[in-house]
């Protein structure tokens, strides 16, 4: 009986060790290869965009660079549109997605989120000439929305049924539609709305109303628990020492709000 119990204990220990070893493969590979692949969206200022020299810039780009620096590995940016961030991650094209990815229940069904490191408010913005003061005023209005964003999931639920939603593949296209008059208004984060208004003063763009504040976080593929654990630890350390708050404020011109923890 003792021999049986001992054998069972050893077998269980070996199984647990094998499981932990399998879970540690992602971070081990990143450190061994000295490279981390991170999905970054570069059509969503101030989180990600191309600077005047054609180089990726923004708060999330700076965050990815800080992560790679702390890991002492090379950074490979996998540039994609908002709608393709999660599909690209699940397809194995990257190890992590850090691209102003808001935490939602639907997304949490397919990827694992780290603790949030950023936040943004969802708003409606429109030219002053368009008379909109509330969601009810969006009836029969053409509303620009970017595919694959939280706005696509949220706004159709709070607006009149006869609102005309026009979907675009990336934020740049949504912005162009708004300033060209293709849509009456559009939904963005408050930072993007401010950036668009500052760059197009003749359009007299105004924030109509704020719907909600959402939190963004890094995401990994299901099962990458070792990488998730490292990211949670890293986010806590870099929030505590002010590094991530400084990156956020430098790129958005506002202070980072208090963030929840899982």
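Tabulated values for the structure
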quantity	calculated
In nm, spacing of pseudo-spin labels at residue 204 and residue 253 (7 Å Cα→C-beta vector)	2.1 nm
Highest-MSF residue in the chain out of 25, 55, 182 [GNM, Cα springs under 10 Å]	55
Net lengthening on full extension, residue 172/residue 110 (0.36 nm per residue, minus Cα-Cα)	19.7 nm
CD proxy at 222 nm, helix term only [per DSSP H run n ≥ 4: -39500 (n - 2.57); per residue of the chain; nearest 500]	-12000 deg cm²/dmol
Residue order, fewest to most surrounding Cβ atoms within 10 angstrom, among 169, 185	169, 185
Angle between the chain longest axis and helix 2-23 axis [Cα atoms, degrees, rounded to 10]	30 degrees
In degrees, nearest ten, helix 225-240 long axis to first principal axis of the chain (Cα)	60 degrees
Inter-site label distance for residue 35 and residue 161 at 7 Å from Cα along Cβ, in nm	5.3 nm
Among [x] 51, 46, 34; [y] 52, 43, 32; [z] 83, 42, 31, the entry derived from the coordinates for Cα extents along the principal axes in Å	[z]
Cα centroid of segment 52-120 to Cα centroid of segment 211-251, whole Å	10 Å
For 226, 28, 202, order by how many other beta-carbon atoms lie within 10 Å, fewest first	202, 28, 226
Label-point separation in nm, residue 243 to residue 76, each point 7 Å along Cα→Cβ	2.3 nm
Gaussian network model of the chain, springs between alpha carbon atoms under 10 Å - residue of 92, 82, 245 with greatest fluctuation	92
With Cα atoms, 0 to 90° folded angle of helix 59-71 axis to the chain main axis	20 degrees
Length added when fully stretched, residue 229-residue 182, from 0.36 nm per residue minus Cα-Cα	12.4 nm
Per-residue Cβ neighbour rank within 10 angstrom, fewest leading, 132, 61	132, 61
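Just so you know, all these numbers are worked out from the coordinates, no wet-lab data involved. All figures in this text were calculated on a predicted structure; none of them were measured in a lab. Positions of Cβ are generated from backbone atoms using ideal geometry, with glycine treated the same way; all protein chains shown enter the neighbour counts.
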